[in-house]
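> Please find one structure pasted underneath; my questions will follow.
The values are calculated or read from the model by the stated rules, or taken from the named source; none is laboratory data. Given the structure is predicted, the values throughout are model-derived calculations rather than measurements. Every residue, glycine among them, receives a Cβ derived from its backbone with ideal geometry; neighbour counts consider all protein chains shown.
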Amino acid sequence: MALKLWASSTANALKLSNGRARATFSISRSFSSVLDGLKYSSSHEWIKDEGSVATIGITDHAQGHLGEVVFVELPESGSSVSKGSGFGAVESVKATSDVNSPISGEVVEVNKKLTETPGLINSSPYEEGWMIKVKPSNPTELDSLLGPAEYTKFCEEEDAHH
């Protein structure tokens, strides 16, 4: 009786007719989304090569493991970053993690929105949650990064070991 009452009140709250709802379910993989057209590092940063500028952020996989992001530390425009070295940090409710640059170059733009809304990294890691834009000093460094299929495999193997 209690279950039927709960279902009925839930249906009413959701304004469903006949107590029935149409639900769509998607099957999620054991890891998060990986986008084509980006390159990835084994430390879970993504990079979008746009010719003279490359946009960098952390992957959906990384933000999923971090949990709710509450603070982001980013460099200043005009500073330099080096491939494999930290340029900032992401603090979540679980931990603080360094963010490494997948390439070397000069920071030409910083996503100021992340200062006020760090959760954009969780809700939109590849679009609104980007972190910095860099003018690459050595574009061939992109060649050593992982493609989408390689990164997906890397994440699956990493998750299997945890």
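> Take the conditions among the β-branched types (Val, Ile, Thr), at pLDDT below 95, surrounded by fewer than 20 Cβ atoms within 10 Å (Cβ to Cβ) and under 19 Å from the mean Cα position of the chain (by Cα) and apply them to VAL93. Does it pass? Reasoning before the result, please.
Working: among the β-branched types (Val, Ile, Thr): yes; at pLDDT below 95: yes; surrounded by fewer than 20 Cβ atoms within 10 Å (Cβ to Cβ): yes; under 19 Å from the mean Cα position of the chain (by Cα): yes.
Yes.
> Could you tell me how many of the residues in region 51-75 are in contact (Cβ under 8 Å) with a residue 12 or more places away in the chain, more than 15 Å from SER97 (Cβ to Cβ) and of a type outside the set (Ser, Thr, Tyr)?
The qualifying residues number 3.
> In region 108-159, which residues are among the aromatic types (Phe, Trp, Tyr) and under 23 Å from SER52 (Cβ atoms)?
Start the filter on region 108-159 by keeping residues that are among the aromatic types (Phe, Trp, Tyr), which leaves 126, 130, 151, 154.
TYR126, TRP130, listed by residue number.
> Moving to a separate point now. Is there any pair with a first residue in region 85-98 that is under 18 Å from VAL134 (Cα atoms) and in contact (Cβ under 8 Å) with a residue 40 or more places away in the chain and a second that is of a type in the set (Ser, Thr, Tyr) and in a strand (DSSP E or B) whose Cβ atoms are under 8 Å apart and which are 6 or more apart or on different chains, and what are they?
PHE87/SER101
> Right, something else. Could you grab me the full set of residues in region 137-162 that are under 20 Å from LYS39 (Cβ atoms) and either in a loop (DSSP other than H, G, I, E, B) or of a type in the set (Val, Ile, Thr) (or both)?
Here is the first cut: in region 137-162, the ones under 20 Å from LYS39 (Cβ atoms) are 137-158.
SER137, ASN138, THR140, LEU145, GLY147, THR152, listed by residue number.
> Let me ask something additional. Could you tell me which numbered condition CYS155 fails, if it satisfies all but one of (1) within 17 Å of GLU73 (Cβ to Cβ); (2) in contact with a Phe, Trp or Tyr (Cβ under 8 Å, 6 or more places away or on another chain)?
Exception for CYS155: condition (1).
> If only one of ASP49, ASP143 is more than 28 Å from HIS162 (Cα to Cα), surrounded by 15 or more Cβ atoms within 10 Å (Cβ to Cβ) and among the acidic types (Asp, Glu), which one is it? Give the steps one after another, and end with the answer.
Numbers: ASP143 fails: surrounded by 15 or more Cβ atoms within 10 Å (Cβ to Cβ).
It is ASP49.
> Looking only at residues in region 89-114 that are in contact with a Leu (Cβ under 8 Å, 6 or more places away or on another chain) and of a type outside the set (Gly, Ala, Ser), which one is nearest to SER41 (Cα to Cα)? Before the answer, list the steps.
Of region 89-114, the ones in contact with a Leu (Cβ under 8 Å, 6 or more places away or on another chain) are 90, 92, 94-95, 97, 102-103, 110-111, 113-114.
Subset that is of a type outside the set (Gly, Ala, Ser): 90, 94, 102-103, 110-111, 113-114.
Values: VAL90: 16, LYS94: 22, PRO102: 6, ILE103: 10, VAL110: 20, ASN111: 20, LYS113: 24, LEU114: 21 Å.
The qualifying residue nearest to SER41 (Cα to Cα) is PRO102.
> Sticking with this structure for a sec: For GLU157, all conditions in the list (1) surrounded by fewer than 20 Cβ atoms within 10 Å (Cβ to Cβ); (2) closer than 15 Å to TRP46 by Cα hold save one; what is the number of the exception?
All conditions are met except number (2).
> Quick one: would you say SER137 is hydroxyl-bearing (Ser, Thr, Tyr), at pLDDT 95 or above and surrounded by 20 or more Cβ atoms within 10 Å (Cβ to Cβ)? Lay out the reasoning, then the answer.
Working: hydroxyl-bearing (Ser, Thr, Tyr): yes; at pLDDT 95 or above: yes; surrounded by 20 or more Cβ atoms within 10 Å (Cβ to Cβ): no.
Here the answer is no, as SER137 does not meet what is asked.
> Also, I was wondering about something else. Output the qualifying pairs, or none if there are none: Cβ atoms under 7 angstrom, residues six or more apart or on different chains, first residue in region 114-136 and within 17 Å of LEU38 (Cβ to Cβ) and without any contact (Cβ under 8 Å) to a residue 40 or more places away in the chain, second residue surrounded by fewer than 24 Cβ atoms within 10 Å (Cβ to Cβ) and of a type in the set (A, V, I, L, M).
Listed by first residue and then by second, the contacts come to GLU128/LEU120.
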